[in-house]
1. Looking at B:Thr132, B:Thr101, B:Thr140, which is the one that is among the β-branched types (Val, Ile, Thr), crowded, with 24+ Cβ neighbours inside 10 Å and touching a helix residue (DSSP H, G or I) at 6+ places or on another chain (Cβ under 7 Å)?
2. For B:Ala189, state whether it is touching a residue at least 40 places away in the same chain (Cβ under 8 Å), outside the structural domain of B:Ala322 (by TED's automatic domain parsing) and buried (at least 22 other Cβ atoms within 10 Å of the Cβ).
3. Which one of these is closer than 17 Å to B:Ala375 by Cα, touching a Lys or Arg at 6+ places or on another chain (Cβ under 9 Å) and touching a residue at least 24 places away in the same chain (Cβ under 8 Å): B:Pro285, B:Pro289?
4. Any residue at all in region A:219-231 that's surrounded by 22 or more Cβ atoms within 10 Å (Cβ to Cβ), in a helix (DSSP H, G or I) and at pLDDT 90 or above?
5. Which of the residues spanning region A:121-144 are facing chain B (nearest Cβ under 7 Å), in a helix (DSSP H, G or I) and at pLDDT 95 or above?
6. Is there a residue in region A:38-51 that is closer than 22 Å to B:Thr143 by Cβ and in contact with an Asp or Glu (Cβ under 6 Å, 6 or more places away or on another chain)?
7. Mind listing just one residue for me: the one in region B:42-60 that is of a type outside the set (S, T, N, Q) and farther than 27 Å from B:Ser310 by Cα and, of those, most open to solvent (accessible area, probe 1.4 Å)?
8. Looking at A:Asp52, A:Asp62, can you tell me which residue is farther than 21 Å from A:Ala155 by Cα and outside any helix (DSSP H, G or I)?
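The values are calculated or read from the model by the stated rules, or taken from the named source; none is laboratory data. Note that the structure is predicted; figures quoted are calculated from it, not measured. Here Cβ is always computed from backbone atoms with ideal geometry, including for glycine, and neighbour counts include all displayed protein chains. For the accessible areas, the whole protein counts, side chains as well, though only heavy atoms, and no ligand, DNA or RNA atoms are used. Shrake-Rupley method; radii C 1.70, N 1.55, O 1.52, S 1.80 Å.
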Amino acid sequence: MTTQHPTQKAAPPAVPGALAVVGSGFSAVDGDGKAPRLPGFVASPFAPLVYDAVRRCLGAPDSEDSPVAHRGERTAIVLGSLAGDAVTADLAGEKVACGGVAEPVLFHQTVTTAVLGVIARDYRITGPVTCVSAVRDTGAALLDSAALLLEAQEAEQVLAVLVELAAGPRTLAALAAPTADPLAAPAPHRSTAVALLLRTPGDEPVAPRVCAPPVPATATARLFAYAATAADRGVR
Amino acid sequence: MAAETVVITGAGVRSAFGPGEQRLLDGVFAGRHAFAPVTRFDTSRSRGNVAALYDDGRGQPGQAQVLAECARTALDTAGIRDVSALPVLIGTKGDFQGVHTFWRDTVTGDRPDPAATAQSLAGHVVEELATTLGLGRPRTAFTNACVAAADALAHACRLVRTGRAEAVLCGGAYLVDPEVFAKFDQARALSSDGRVRPFAKGRSGLLLGDGAAVFVVESARRACERGARPLAVVSGWALTNDAHHVVHPHPQGAGLAAAAEAALRMAGADPASVDYVNAHGTGTPLNDPAETKALYRVFGERARTVPVSSTKSMTGHALEAAGALEAVICLLALREGIVPPTAGFTEPDPECDLDCVPEGPRHLDVRRVLSLNAAFGGVNSALVLERP
């Protein structure tokens, strides 16, 4: 399971480019299937993983040391996910198909922006919020969106969160459909979330880890994998 | 390099009134609503049974199919034939008809339709659209709920403004499905009397509606070089967050006002120059007073007199497509010089003291419009569109 990651120690991946990673956090469902908990969200690890990864990236919400403290107005959030909160969607879908009713609590948490509202409230982030998905490489779409928000000067920093849940039967069927893109990303086998705080290189005092959107799938995967493994190594 | 001026040169739309802008013009700009009992799927276990749907008797189309129809119209209008390099950005949560049929068939022991199941993922809707028309990359779905299409449009504008793309295809789609209908019904978010009454006292909620719209967004320079006629200039856009609550809007409309102010600032436009506001106006008890307060913060006392209408009172709420559908309505308002009304208005609510155009369509010289949307999680969007 996840650990605390106080400082950056590891070398960054050798990816050329125009984004500086000034913080990262990783969260995952552990081997026993246990996910972090987040009040107000039930049954699915989607929102709890997102919140936990962000907390590990930014620190405690009320911390004056948080990199978003006093910068909430100029901070954007971009969330990427191939299948979104498929656990909640399928829970509700199965109940409706069986002639039952979906509990009202499932209503709001199927909406991807709901957990981002909690994060924005807790960290006082009032900048742009966007959510993206792409069949071949959601990570690249995520980094492209982040880079564009910085380039357009609509934000000074971007909290980028990539979250995928272990594929259930519908997601597996969707990705295996004959009509599906043969170059589509493989079905996720583990529920994970990675959060990166991104700035334009030179805007931040710490040595950046750098990447360059638009980036090929391999580089995107490497960046997020780096963040994840760095987190596993106790590195932030 | 100087920032490019961004224009819309093509648009295609399908609403609950049917395919094409003329149907939308005949409905929304005449103050007619499209609400009727749902026949597309079984609502016998629901409290409500009303939505704004368009069925042409050929069975329910998928989002990708409807988007392709809209995109062809948009490309024809823009006069673009070579689409192989066009990025495509679409507001969609995925076609949730595919979620429903997957679980329905799984429960009954039938084999779910693989193609429909694939379309339940947002990215696949965009991929299907792009493959059908031979579009370029990136092919990105925007999934941020009721601001998704507005966000797709804003992202397209950013790509063009910064010179990273010369032209982009963008828009959004939502078609009413049993899955999402059931969730809204269970959450008691649907209107209790089969009508949507934005800004009126006693309003009780929203109703869902079909919607899809696609735009060609490009630089004014390129449009001029091609001899294309711009339909509108997109002079400002902004997204913000309330930082307030997981589902409720900020009671003072702080985030929505900030989005409107930022979009107007980008446009270099004084609020006094706005001729019409297409409001988010869901007709829910909490949204409309918050939006009213946001408009007072932006316009001051002029908020009492600037024409503000909620066209969701006629089209229904098209969720991920709302921003695109309402942007088409704004294009029509600019072109026709008509402000669409807010239908279903009954008794004024002192908390929503706006000129919400309750009497019917109003002829006006509309040069600059502001389109607002908001979503769960306190996300807000604002677009400023101008007559070329």
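1. From the options B:Thr132, B:Thr101, B:Thr140, the qualifying one is B:Thr140.
2. no
3. Residue meeting the stated conditions: B:Pro285.
4. Taking every residue of region A:219-231 in turn, none turns out to be surrounded by 22 or more Cβ atoms within 10 Å (Cβ to Cβ), in a helix (DSSP H, G or I) and at pLDDT 90 or above.
5. A:Arg121, the sole residue that qualifies.
6. yes
7. B:Arg58
8. Of the residues listed, the single one that is farther than 21 Å from A:Ala155 by Cα and outside any helix (DSSP H, G or I) is A:Asp62.
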